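What follows draws every value from the coordinates through simple rules; no lab data is involved. All of these numbers come straight from a predicted model, not from anything done at the bench. Note: ideal-geometry Cβ built from the backbone for every residue, glycine included; neighbour counts use all protein chains shown.
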Amino acid sequence: MTHVEAIRKPGPFDKNRNMAATAPKYLSVWDLQAYYGESYIVQGVSFDIHEGEILALLGRNGAGKTSTLRTLARLGDPQLHHGEIWLDHKPLHEMKAHEAAQNGMVLVPEDRRIIPGLTVEENLQLAQIAPPHGWSIERVYELFPRLAERRRQEGVTLSGGEQQMLSIARALCRDIKVLLLDEPYEGLAPVIVQEIAKTLEMIRDQGITTIIVEQNAVAALKLADRAVILDIGKVVFDGSAQEVLDDEALRAQYLAI
Ligand SMILES: Nc1ncnc2c1ncn2[C@@H]1O[C@H](COP(=O)(O)OP(=O)(O)OP(=O)(O)O)[C@@H](O)[C@H]1O
Ligand SMILES: [Mg+2]
């Protein structure tokens, strides 16, 4: 029995999405142990995701959420000392960041990284330079009509919500399998959060798997199929998102909501 099987609480999957319960694993993360220098931060994290699922990765400030995403994207800092990351049968734990990205693991970091001096469209074109290619710019504009309207505007002059859309759109221009989102709702008004959540549902409907890290845990849980909660670098819950929404004591203990 793996670590995750040992800790996963049996819980009802969302009745609309119970297909995911029987689908084969797509991303399998086993016993990740990662360090910043001597600091042991990601302390044996394991979980699985089925293709097309949205997983909310939650936990208090400093729980290790960003560090886990960075480890999955193979950014090198924190450094992975132990563990395995299998995505669609490929060993990402043996890869560097650019190879992991080529194999479909793409991180949208918290600071969004819009490139100054470039228009919306140029930001998207730049993302398409390196093969393997993902979505066409036309397809991106269908999903994000606001970006189409602002295609000639400089990216850094967009509103916060539009910049978040651009950074997600840029990820889709790569040949993406798993979208890693670090705090995509940060600083955004509730109406914009809803708009981005709808877009993320549409992205899921196109078969892309997503891991979302969010301080706005309720919004993330409403979007997600599953939830993993971290505390001090360890997985303390792995189950359905609905279970977390229903379990006030669990939320109070690990999410302070
Ligand atoms: N570059 C770094 N060097 C050393 N320690 C770090 C570094 N980055 C993060 N840490 C430490 O690792 C731990 C986990 O940080 P991480 O940023 O992964 O947490 P988080 O769950 O994303 O928190 P938040 O909700 O505040 O974004 C924290 O104790 C943090 O101080
Ligand atoms: Mg963080």
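Observations, loosely collected:
- Residue ranges 167-176, 185-194, 203-212 sort as 167-176, 203-212, 185-194 when ordered by packing (mean number of other C-beta atoms within 10 Å per residue, highest first).
- Ranked by the mean number of other Cβ atoms within 10 Å of their residues, highest first, the peptides 145-157, 36-48 fall in the order 36-48, 145-157.
- In the range 31-98, the convex hull through the Cα atoms has an average projected area of 4.8 nm², a quarter of its surface area.
- Cβ-placed point charges (K, R +1; D, E -1), dipole of the chain about Cα centre in debye, nearest 20: 200 debye
- Charge tally around residue 151: other residues with Cβ under 12 Å, Lys/Arg +1 each, Asp/Glu -1 each, net -3.
- Calculated diffusion of the range 45-157, Stokes-Einstein form, Kirkwood radius summed over Cα pairs, 20 °C and 1.002 mPa s, µm²/s: 131 µm²/s
- Beta bridge orientation in the chain: antiparallel %, DSSP, nearest 5: 60 percent
- Pairwise inverse Cα distances across the chain, averaged and inverted, put the Kirkwood hydrodynamic radius at 18.5 Å.
- Per principal axis, descending, Cα span of the range 102-222 in whole Å: 36, 32, 23
- The C-alpha atoms of the chain define a longest principal axis, and helix 190-205 lies at about 80 degrees to it.
- Lysine pairs in the chain whose alpha-carbon atoms fall under 24 angstrom of each other, counting only those eight or more residues apart or on distinct chains, come to 26.
- Cβ-Cβ distance of residue 191 and residue 128, R₀ of 35 Å, FRET efficiency by 1/(1 + (r/R0)^6): the value works out to about 0.70.
- Label-point separation in nm, residue 236 to residue 98, each point 7 Å along Cα→Cβ: 4.0 nm
- Dipole magnitude of the range 48-104, debye to nearest 20 (Cβ charges: Lys/Arg +1, Asp/Glu -1, about Cα centre): 320 debye
- Global geometry of the range 172-242, whether rounded, prolate or oblate, following the gyration tensor of its Cα atoms and the 1.5 cut on a/c: oblate
- The length gained by stretching the chain between residue 31 and residue 215 to full extension, at 0.36 nm per residue less their Cα-Cα distance, is 63.8 nm.
- Order by protection proxy (mean Cβ within 10 Å, highest first), peptides 53-63, 117-127, 219-229: 219-229, 53-63, 117-127
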